[in-house]
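Engineer: For reference, the structure I am asking about is given below.
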Amino acid sequence: MKPQSWPEHPPTRRLRRRSRAPHDGSAILVGLITLTVLALIAASTFLTVTNRFRSNYQTGSWHDALTSAEDGAQYALVRLRQPLTRTDSTNSNSSSSSNPFLNQVLVNPLQVANSLQADLSTLTAGSTSNNGTVTTYTATTTPSGTKTYPRIQLPTLSIPHSGQGSTLFSAVVTVDAIPDSGYANGVANPAASWYRIRSTGIVPLAGGARVGLQKYDNWLRKLQFHTDTSGNTLATPQASRTIEVIAKPVFIGSAALFGKTGIDLNNKNVVIDSYDSRNPGVTSNADGTYNASLATKNGNVVTDDAITSAGQPGVIDLSAPGAYVNGNIATNNTKVDGSTDHVSGTVTQDFYQNLPNPPDPKQILSSWPQYNASGNTLVMDSSSGTQSSPVRYEISTATGGDLSMQSNNSLTITGKGYIEIWIPGNLAIQGNAQVNIPKDATNGAHVTIYVTGNIDIEGNGVANSSLIPGDLTIYGDPNPDSTQTAQIAGNGVFAGVLYAPNSSASAKGSGNNGDIYGAIIANTIVFTGTASLHYDQALGNQGAVFDYRMASWYEDNSLSH
């Protein structure tokens with residue numbers, strides 16, 4: 001018998017608990033640390049990028065503030081230039097539609113109501129001006145001493161801007177006449193004043209009142225976060241920069257010869273030189289008149305190279321044997337024709353200056369007081385005339401409108417004021433006739449003559465016996481289509497400024513005494529024979545103004561905070 005067998009039990013399974021590896025918790029920690037580090041890097045990068053963007057934006061705004069300040073200075077220059085000319089609709093012609101300058105006539109800005117020049121020469125403390133807000137300041141100068149002067153703050157200039165940042169920049173601009181800058185030969189001449197333009201460009205800053213990371217840049221730029229330069233609280237941070245520009249007047253007599261189209265100087269007997277009546281005994285005689293032994297070399301000759309009737313640009317003709325030019329020559333873009341061996345100075349081809357038409361006497365005054373010029377000895381008194389309100393006469397049309405003096409006839413100007421004479425016909429000074437102006441190198445009469453017809457000075461005729469060119473200005477025909485001619489011939493003597501950019505001027509010296517003292521501005525200029533011109537450098541700082549240019553520019557960092 002077999003022993004009873006018991007059923008076998010299945011093998012016992014041993015249950016094992018899977019335990020976590022010790023490195024699993026470390027992985028989570030490393031992940032958290034990595035995320036933290038990445039977040040810190042991202043935050044640091046964001047902060048750095050934000051600060052750099054802010055710094056770059058502030059840098060851009062800083063540069064934009066300078067551009068805005070320059071725009072403000074140009075704005076003031078436009079306001080100064082605007083009253084120098086006016087449109088004369090009576091001068092319209094076939095070319096006026098393509099060249100609007102043809103209808104512009106020269107104007108004395110002191111005689112233009114509400115012009116900046118007129119206001120700055122007359123306003124006092126408490127005055128009002130259509131040009132802006134009037135303030136005053138005190139300055140001590142020679143010879144005026146301590147005085148109070150007006151300054152005008154123009155309306156704030158708004159400058160639209162597209163792109164990043166603010167859409168509107170601005171400029172705050174003030175203008176004042178530099179005290180005593182308009183003195184000519186020791187006499188106050190407001191029309192000759194230089195002007196100081198102070199312009200502050202302002203650009204809003206984005207990003208709140210926070211500085212960038214570059215502390216040295218912040219110190220340099222002196223951005224304004226809470227207050228402006230005057231201590232006023234700001235609603236928005238801003239960048240501001242201030243510049244100061246000095247505007248100097250450009251006078252019609254700034255060159256010895258100015259030919260709009262061209263100048264013919266192809267004669268070796270012609271001499272162009274200069275002197276300075278403001279420096280008696282050094283560059284002129286004791287009475288301010290010309291002395292060949294004291295002559296200087298500033299008799300500059302310039303041209304705009306305007307197109308001639310033949311369709312070619314005008315030139316300065318120095319074909320052999322050319323004249324002696326003791327000064328510089330400047331053309332627009334045309335080479336000098338001939339040799340420049342007799343030119344003492346430089347020869348350049350980068351010159352241009354627009355020449356407005358001469359003033360139109362019909363626009364100056366609707367009805368001029370009539371003067372009967374039928375006598376042999378004519379006298380006009382200038383004593384009561386001022387620069388802004390001169391004595392005025394029109395040569396009576398009842399006698400033909402001509403002023404024709406021959407033999408020993410004379411026109412004498414008495415007094416030391418300002419006088420204007422309109423000759424609607426021709427001006428002729430012949431024989432021994434003279435226009436007599438009181439001889440006073442520092443304070444003589446100031447005579448302006450408007451001539452619509454032709455001008456003829458010949459024989460022994462003398463236009464301005466004082467021989468001080470600054471005392472006499474003759475304006476030619478304002479019509480751009482004028483056929484006017486101006487001639488100085490024989491022993492004829494002219495001392496003054498002839499401004500006739502629409503006319504043909506000629507100097508035909510054939511005697512021993514026929515010289516010109518002063519300056520000639522005309523469409524074409526021809527010198528022949530022994531004619532010579534002696535340019536008075538004083539004309540570069542007196543007379544009529546036809547432009548303003550920047551004499552200096554600098555940034556005033558002392559006013560930035």
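Quick note: the coordinates plus some simple rules give every number you see, no bench work behind them. Nothing here was measured: the structure is a model prediction, and the numbers come from that model. Note: ideal-geometry Cβ built from the backbone for every residue, glycine included; neighbour counts use all protein chains shown.
Engineer: Label-point separation (nm) for Thr334 and Val37, each offset 7 Å from Cα along Cα-to-Cβ?
Structural biologist: For the pair Thr334/Val37, the computed spacing is 7.9 nm.
Engineer: Residues with beta-carbon under 12 Å from that of Asn357, excluding Asn357: net charge, scoring Lys, Arg +1 and Asp, Glu -1? Don't skip to the end; give the middle numbers.
Structural biologist: Details: positive: Arg86, Lys260; negative: Asp88, Asp360, Asp477, Asp481.
Neighbour charge sum, excluding Asn357 itself: -2.
Engineer: List every residue whose amide H lies under 5 Å from the amide H of Gln349, counting only residues 5 or more places away in sequence or on a different chain, with H placed 1.01 Å from N in the peptide plane.
Structural biologist: Sorted by chain and number, the residues that satisfy this are Thr331.
Engineer: Run through the DSSP bridge list for the chain and note the antiparallel percent, rounded to the nearest 5.
Structural biologist: Values: 52 of 140 bridges.
If we restrict to bridges inside the chain, about 35 percent are antiparallel.
Engineer: Follow-up question, since we're still on this one. About the Cα centre of the chain, how large is the charge dipole given +1 on each Lys and Arg Cβ and -1 on each Asp and Glu Cβ? Please answer in debye to the nearest 20. Walk me through the numbers on the way to the answer.
Structural biologist: Working: 33 positive and 38 negative charges, 924 e Å.
Once rounded to the nearest 20, the dipole reads 4440 debye.
Engineer: Match the structure shown to one of the listed values (i) -0.53, -0.90; (ii) -0.45, -0.86; (iii) -0.69, -0.93 of log10 I(q)/I(0) by the Debye sum over Cα atoms at q = 0.07, 0.10 Å⁻¹, computed from it, and give that label.
Structural biologist: From the options (i) -0.53, -0.90; (ii) -0.45, -0.86; (iii) -0.69, -0.93, the structure gives (i).
Engineer: Pop the C-beta distance of Thr133 and Tyr352 into the FRET formula with R0 = 25 Å and round what comes out to the nearest 0.05. Mind dumping the intermediate values first?
Structural biologist: Numbers: r = 36 Å, r/R0 = 1.45.
According to the calculation, E is roughly 0.10.
Engineer: Oh, and also: Could you pull out every residue, at least 5 positions away or on a different chain, whose amide H is within less than 5 Å of the one on Tyr548? Hs are placed 1.01 Å off N in the peptide plane, and Pro or chain starts have none.
Structural biologist: Answer set, sorted by chain and number: Val250.
Engineer: Ok, one more. Under a point spin-label approximation (7 Å from Cα along Cα-to-Cβ), what is the Ser230-Asp556 distance to one decimal in nm?
Structural biologist: The answer from the label model is 1.3 nm.
Engineer: Separate question: Pull out a ≥ b ≥ c, the square roots of the eigenvalues of the alpha-carbon gyration tensor of segment 499-549, then state rounded if a/c is under 1.5, prolate if not and a/b is larger than b/c, and oblate in the remaining case. Spell out each step's value before the answer.
Structural biologist: Details: a/c = 3.69, a/b = 1.59, b/c = 2.32.
Taking the square roots of the gyration eigenvalues as a ≥ b ≥ c, segment 499-549 is oblate.
Engineer: As a footprinting exposure proxy, order Ile423, Ile178 by other Cβ within 10 Å, with the fewest listed first. Provide the component values of the computation, followed by the final result.
Structural biologist: Numbers: Ile423 24, Ile178 16.
Starting with the residue having the fewest Cβ neighbours, the order is Ile178, Ile423.
Engineer: Mind scanning Lys297/Lys335; Lys439/Lys508; Lys268/Lys335; Lys268/Lys508; Lys147/Lys248; Lys260/Lys439 and naming the pairs with a C-alpha gap bigger than 24 Å?
Structural biologist: In this structure, Lys439/Lys508; Lys260/Lys439 exceed 24 Å between Cα atoms.
Engineer: Enter the angle in degrees (range 0 to 90, nearest 10) between the Cα long axis of helix 23-81 and the first principal axis of the Cα atoms of the chain, meaning the one along which they spread out most.
Structural biologist: So the inclination is approximately 10 degrees.
Engineer: Let me ask something additional. Each residue of segment 337-345 in order: what ³J(HN,Hα) in whole Hz does its phi give by Karplus 6.51 cos²θ - 1.76 cosθ + 1.60, θ = phi - 60°, with x for Gly and Pro?
Structural biologist: 8, x, 8, 10, 4, 8, 9, 7, x
Engineer: Moving on to the next point. Counting each DSSP H run of 4 or more residues in the chain as -39500 (n - 2.57), what helix-only mean residue ellipticity at 222 nm follows after dividing by all residues, to the nearest 500 deg cm²/dmol?
Structural biologist: Details: 4 runs with 77 residues, N = 561.
Mean residue ellipticity, 222 nm, calculated: -4500 deg cm²/dmol.
Engineer: I've got another one for you. By per-residue mean of other Cβ atoms within 10 Å, what is the highest-first order of 134-140, 283-289?
Structural biologist: Details: 134-140: 12.9, 283-289: 18.9.
The peptides rank, most packed first, as 283-289, 134-140.
Engineer: In what order do Ser61, Ser382, Ser158 fall by count of nearby beta-carbon atoms within 10 Å, going from fewest to most? Walk me through the numbers on the way to the answer.
Structural biologist: On the way: Ser61 25, Ser382 21, Ser158 10.
In increasing order of surrounding Cβ atoms, one gets Ser158, Ser382, Ser61.
Engineer: Going by C-beta contacts inside 10 Å, put Ile246, Ile272, Ile307, Ile449 in order with the fewest on the left.
Structural biologist: Going from sparsest to densest Cβ surroundings: Ile307, Ile246, Ile449, Ile272.
Engineer: By the scheme Lys and Arg +1, Asp and Glu -1, what is the net charge of all other residues having a beta-carbon under 12 Å from that of Ile455?
Structural biologist: Numbers: positive: none; negative: Asp402, Asp456, Glu458, Asp477.
Every neighbour counted, the sum reads -4.
Engineer: Oh, and also: Please turn the phi angles of segment 128-138 into ³J(HN,Hα) values with the Karplus equation 6.51 cos²θ - 1.76 cosθ + 1.60 (θ = phi - 60°), one per residue in order, whole Hz, x for glycine and proline.
Structural biologist: Those phi angles translate into 10, 9, 5, 7, x, 8, 9, 10, 9, 8, 10 Hz.
Engineer: For Thr136, what is the net charge nearby, where nearby means another residue's Cβ is under 11 Å from its Cβ and Lys, Arg count +1, Asp, Glu -1? Before the final figure, lay out each step's value.
Structural biologist: Values: positive: Lys147, Arg151; negative: Asp176.
Charge balance in the 11 Å sphere: +1.
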